[in-house]
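Scroll down for the structure; my scribbles are underneath it.
The values are calculated or read from the model by the stated rules, or taken from the named source; none is laboratory data. Keep in mind that what you see is a predicted model, and the values were worked out from it rather than measured. Heads up, the Cβs are rebuilt from the backbone with ideal geometry, glycines too, and the neighbour counts pull from every protein chain shown. In case anyone asks, the SASA skips ligands and DNA or RNA and just uses the protein heavy atoms, side chains included. Shrake-Rupley method; radii C 1.70, N 1.55, O 1.52, S 1.80 Å.
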Amino acid sequence: MPHIIVKLWPGRSDELKKKLAEKIAEDVAEGLSGNIGDVSVSFEDIPKEQWEEEVVQKDIREKADKLYKKPEYDF
């Protein structure tokens, strides 16, 4: 606990994802006063043409009441 899933467009290197995963895990552990060893992070590459349906609709619009940080674009 907790597990963070980062959804993004394809094209980022594994090295960049590993560095970002470490930073996310550090911030989450610190922010929750927890142990970094309890945090897991995964990445899901979502093609641009599927973004609206797979992310905006399913994860943002349908779960807007659960968003603590909303995107700055219209959804």
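Structure above, values below:
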quantity	calculated
Segment 36-56: number of residues that are over 19 Å from Trp9 (Cβ atoms) and either touching a helix residue (DSSP H, G or I) at 6+ places or on another chain (Cβ under 6 Å) or open to solvent by less than 70 Å² (accessible area, probe 1.4 Å) (or both)	4
Inter-residue pairs, beta-carbon under 8 Å, first free of Cβ contacts under 8 Å to residues at least 60 places away in the same chain and in segment 7-35, second outside any loop (DSSP other than H, G, I, E, B) and exposed (fewer than 11 other Cβ atoms within 10 Å of the Cβ), 6+ apart	Trp9/Lys48
Long-range neighbours under 9 Å by Cβ, at least six apart or interchain, first residue at negative phi within segment 46-60, second assigned to a helix (DSSP H, G or I) and open to solvent by 40 Å² or more (accessible area, probe 1.4 Å)	Ile46/Glu54; Pro47/Glu54
The listed residue being out of contact with any Leu (no Cβ under 7 Å at 6 or more places or on another chain), assigned to a helix (DSSP H, G or I) and open to solvent by 50 Å² or more (accessible area, probe 1.4 Å), out of Asp59, Asp27, Asp74	Asp27
Count - residues of segment 31-56 that are touching an Asp or Glu at 6+ places or on another chain (Cβ under 7 Å) and outside any helix (DSSP H, G or I)	1
